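What follows draws every value from the coordinates through simple rules; no lab data is involved. Note that this is a predicted model, so its numbers are computed, not measured. Here the Cβ positions follow ideal geometry from the backbone for every residue, glycine too, while neighbour counts run over all protein chains shown.
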Amino acid sequence: MALAVSSSSKVISGSGFPLSSSSSEIKVSQIGSFRLLDRPHVANTTLSQRRSFVKPVNAEPKWIDSTVPLAATVVAPEVEAEVVEEDFEQLAKELQDASPLEIMDKALEKFGNDIAIAFSGAEDVALIEYAHLTGRPFRVFSLDTGRLNPETYKFFDTVEKHYGIRIEYMFPDAVEVQGLVRSKGLFSFYEDGHQECCRVRKVRPLRRALKGLRAWITGQRKDQSPGTRSEVPVVQVDPVFEGLEGGVGSLVKWNPVANVKGNDIWNFLRALEVPVNSLHSQGYISIGCEPCTRPVLPGQHEREGRWWWEDAKAKECGLHKGNLKGDNAAQVNGNENGASAVNDIFNSQNLVNLTRTGVENLARMVNRQEPWIVVLYAPWCQFCQAMEGSYLELADNLAGSGVKVGKFRADGDQKEYAKQELQLGSFPTILFFPKHASKPIKYTSEKRDVDSLMAFVNALR
């Protein structure tokens, strides 16, 4: 199947999908792989849309015997192309305190059949519920990468039946997938990163889908990823993808739940008895492809269940890379200059801030007077931020116990040293330096709650 690409007069599609509302019937005629669509005109409210009203009249006028021939061709005076513009930055400010339902209603009202909800099969089902509550027709599309969990496919079917809709699935190009798998294998992303696979299976299909729309709706929330999504507005001109008209500014991106906390989303889903993916009951929060998603543990950020073998800088698949710009991009990529502008973390009087010299001396010691536990961190890393409370509580619990608690900022210029000498794989890395051994012991568990960290210390001191 393919996402129906609609304009005011036609849809390009392998197979057509109706609007979610049964009352909105579409008359379609098939011509090869093209479908011609007759539907009411929807007002264009993209950032900038030009319509030309210039029309020559009597370019070659008829001769009339009873009149004097015209001295020149008669042409209607030229009219400047009409420019319809809307300031979506201002609209975002006006809707800043609006409810998700109000924002959803505004989006559907403005763009009609030229907007669609991007559905991943996770808690973003809330978007579909909000759209349903508006009473307006709406469209839903999803990216079927071919690597989703069986539970997610079953959930898609449940959602379609619950709301009486057909999800418009987008698939990756078969030739591209074949080339990737034949050349690098089925699980190359474990070795050289997930970006190439995501580009083939997700980003390019999304790009094709959005080329048939003037706006799309996402489930991005500010609290999902503090490093990359903390400034997501409720509506914006998409900085990355192009829409139906083509070019920069041709696509509008709506984020109705940008200001909603994750817990409030779940309270909403429970209150309205909305169906949810069964993976959530198994500890999954952020859900993607099966090989790249796992449940999160206590003390972990929800995005740590995605691409867990990679550093925090890689925790976006490319669908929302427009969030990465300016200083935020530098922070996410571990750039020292960008990261230096971020407020430091793990600040406590019971915690020692180690310099490069300090950690080098600690690592060289054979007989230490006291054991140490040290976190290697980067302040821009959302996973370090997520465990800050647990680590500070650990420092308070160990105060006066004979175990020193420290931190070493290991990003920027210190990263290569930390990788070579301190076993740094990704942020955060936690090391225990025993009293009578030179080599530090790495904490390998993903559990970063205070009880698990305390158990680790007690087992070694």
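Rounded to the nearest whole Hz, the Karplus-based 3J(HN,Hα) values (6.51 cos²θ - 1.76 cosθ + 1.60, θ = phi - 60°) of region 425-438 follow the sequence x, 8, 8, x, 10, 10, 10, 10, 9, x, 5, 10, 8, 7, with x at glycine and proline.
With an 8 Å cut-off on Cα pairs and a minimum separation of 6 or more residues, tell me the relative contact order of region 112-254 in percent. Please list the in-between numbers first.
Details: 192 pairs, mean separation 34.3, N = 143.
In percent, rounded to a whole number, it is 24.
Sorting the segments 371-380, 428-437, 190-199 by their residues' average number of neighbouring beta-carbon atoms within 10 angstrom, most packed first, yields 371-380, 428-437, 190-199. Per residue, the average separation of C-alpha pairs within less than 8 Å and at least 6 apart gives region 355-461 a relative contact order of 38 percent. Taking amide hydrogens as placed 1.01 Å from N in the peptide plane, the amide H of Met170 sits under 5 Å from those of Ser142, Leu143, Asp144, each at least 5 positions away in sequence or on another chain. The string of couplings for region 191-204 from the Karplus curve (6.51, -1.76, 1.60, θ = phi - 60°) is 9, 10, x, 8, 4, 5, 5, 5, 5, 6, 8, 10, 5, 5 Hz, one whole number per residue in order, with x for Gly and Pro.
Residue-wise HN-Hα couplings along region 154-163, as the Karplus relation 6.51 cos²θ - 1.76 cosθ + 1.60 with θ = phi - 60° gives them from phi, are 5, 5, 3, 5, 4, 5, 4, 6, 5, 9 Hz; Gly and Pro carry x.
The amide H of Ala215, built 1.01 Å from its N in the peptide plane, has Ala116, Val252 as neighbours under 5 Å, considering only residues 5 or more places off or on other chains. From the alpha carbon centroid of region 339-402 to that of region 252-270 is 35 Å.
Overall shape: oblate for region 344-401, with the ratio a/c of the largest to smallest alpha carbon gyration tensor axis at 1.5 or above and b/c at least equal to a/b. Between Gly406 and Val352, Ile373, Val374, Val375, the built amide H atoms are under 5 Å apart, and every one of these is 5 or more places off in sequence or on another chain.
Is region 163-284 best put as rounded, prolate or oblate by its Cα gyration tensor, with a ≥ b ≥ c the root eigenvalues, rounded for a/c under 1.5, and otherwise prolate when a/b is larger than b/c, oblate when not? Don't skip to the end; give the middle numbers.
Working: a/c = 1.67, a/b = 1.24, b/c = 1.35.
Oblate, since a/c reaches 1.5 and b/c is not below a/b.
How would you classify region 89-246 from its alpha-carbon gyration tensor, with a ≥ b ≥ c the square roots of the eigenvalues: rounded for a/c under 1.5, else prolate if a/b is greater than b/c, otherwise oblate? Cα axes put region 89-246 in the prolate bin.
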